[in-house]
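Working notes, beginning with the structure itself.
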Amino acid sequence: MNEIDEAGRVSASSPVTIVTVAYNSMAKMPDMLASVPPGTPVVVVDNGSSDLAALATLCDAHGATLIRNAENLGFGRACNQGADHAKTPFILFLNPDARLFPDTLDELLAAAERRPDVSAMNPRIEEADGRPHVKRKSHLMPRSEWMPRGWPAQDQEVSVLSGSAFFVRREAFESVGGFDPAIFLFHEDDDLALRLRRDVGPLYFARAARVVHLAGESSARTPRIAALKAWHMGRSRVYAARKHGQRGAGVKALVQAVVQLLSPDMLLSARKRAKNWAFFRGVLAEMLRPTRPGPERDMP
């Protein structure tokens, strides 16, 4: 595994540290780690997985640093833990179900050198079949800032970033306090991107840098996992939208939740039933909460 210096940071020869969060992600983690160029430090933060022994063996084989959490602390808090161990000028937060190309990091670094004013960027993220994977809008920002579908035709500033491959200057990340620990899961990347854009510098799309993302495959697809994610999606939707001044955030989310409960999928799929009920409960719980003092530990 990578060595840790006296400050608790990973020793590295590369200017980029890759941070990834695992939650029962062994189905995809081997391909992701295999795609990382030699000499690039990787910090894997495990959020209470049941496959920890296999993950530890895998990390050891690839020289990755493994941080073990006894319970699921949430995506943002785990990312912050990983970032605390990085001492490189750049951090790439990368999903376990993503894969790099041999020149991905070189292209990201070249783009960062061309635009030193940029705080963070996305590479050109594609699905397994080559279709564009682009975050072009967010519930946290006005419609006037939504972007067209598909990849931009060239390198350019953008209004929001996807968290599946989030490349950021470490100093910029630290200056805004990293991910909001009050957001357990979902919208934490939107929130971070918008704070970076507001307080540090523009967001950017680097077209020549490529990443493959197998969306939605970083953890098992079971009713229990679907409910866990949907619960926190509901709560995060309301909390983060309110944080960014979006009017009627709770009501809009509640309407969406009710529409989902009326869907025919509720009769056909146990996973959909678990997901839609959990989203409804998460939205309602956050709407009824007058304040949000800190990270949540309760589950659906």
Quick check on my filter: what residues within segment 140-175 are closer than 18 Å to Ala241 by Cα and over 14 Å from the mean Cα position of the chain (by Cα)? Leu140, Met141, Pro142, Arg143, Ser144, Glu145, Trp146, Ser159
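Out of all the residues in segment 260-271, which are surrounded by 15 or more Cβ atoms within 10 Å (Cβ to Cβ) and in a helix (DSSP H, G or I)? Steps first, please.
Residues of segment 260-271 surrounded by 15 or more Cβ atoms within 10 Å (Cβ to Cβ): 260, 266, 269, 271.
Across segment 260-271, the qualifying residues are Gln260, Met266, Arg271.
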Between Ala208, Ala274, Ala226, Ala257, which is surrounded by fewer than 24 Cβ atoms within 10 Å (Cβ to Cβ) and outside any helix (DSSP H, G or I)? Ala208
Selected residue [farther than 25 Å from Leu161 by Cα, modelled with pLDDT of 95 or more, surrounded by fewer than 22 Cβ atoms within 10 Å (Cβ to Cβ) and not assigned by TED's automatic domain parsing to the domain that holds His232] from Asp103, Asp60: Asp60
Asp180 being assigned by TED's automatic domain parsing to the domain that holds Asp199 and surrounded by fewer than 15 Cβ atoms within 10 Å (Cβ to Cβ): no
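Out of the residues in segment 132-161 that are of a type in the set (D, E, K, R) and outside any strand (DSSP E or B), which is farthest from Ala253 (Cα to Cα)?
Keep residues of segment 132-161 that are of a type in the set (D, E, K, R), which gives 135-137, 143, 145, 149, 155, 157.
Next cut, outside any strand (DSSP E or B) only: 135-137, 143, 145, 149, 155.
On the way: Lys135: 19, Arg136: 19, Lys137: 16, Arg143: 16, Glu145: 20, Arg149: 23, Asp155: 34 Å.
The residue in question is Asp155.
The values are calculated or read from the model by the stated rules, or taken from the named source; none is laboratory data. Note that the coordinates shown come from a computational prediction; the quantities given were computed from them, not determined experimentally. Note: ideal-geometry Cβ built from the backbone for every residue, glycine included; neighbour counts use all protein chains shown.
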